[in-house]
């Protein structure tokens, strides 16, 4: 799996769960916190669980507040899957 594939998976889940009526994202949205995209705390957890399930990773509960943007979640998953620093 590549970093771009991880990004696409994160975008897909965010789009499906948080912004189902939005046409798409541009790169400016990648650093916008999920709540500013329209999520509530349950949506945030649903995105995390979907990514954990789909990509076979675990995001510890104490890291969740730090991964609530597309870029930060992609980086956290890439660190675990690709062993990036």
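What follows is calculated from the coordinates using simple rules that are stated; it is not laboratory data. Quick caveat: nothing in here was measured; it's all calculated off a predicted structure.
Structure notes:
- Against the chain, whose longest principal axis is taken from its Cα atoms, helix 3-17 shows a tilt of about 40°.
- Overall dimensions of the stretch 21-70, expressed as equivalent-ellipsoid semi-axes from the Cα gyration tensor (√(5λ), whole Å, largest first), are 19, 12, 11.
- Once the Cα gyration tensor of the chain is diagonalised, semi-axes √(5λ) in Å: 19, 14, 11
- Computed [θ] at 222 nm, helices only, for the chain once each DSSP H run of length n ≥ 4 contributes -39500 (n - 2.57): -16500 deg cm²/dmol
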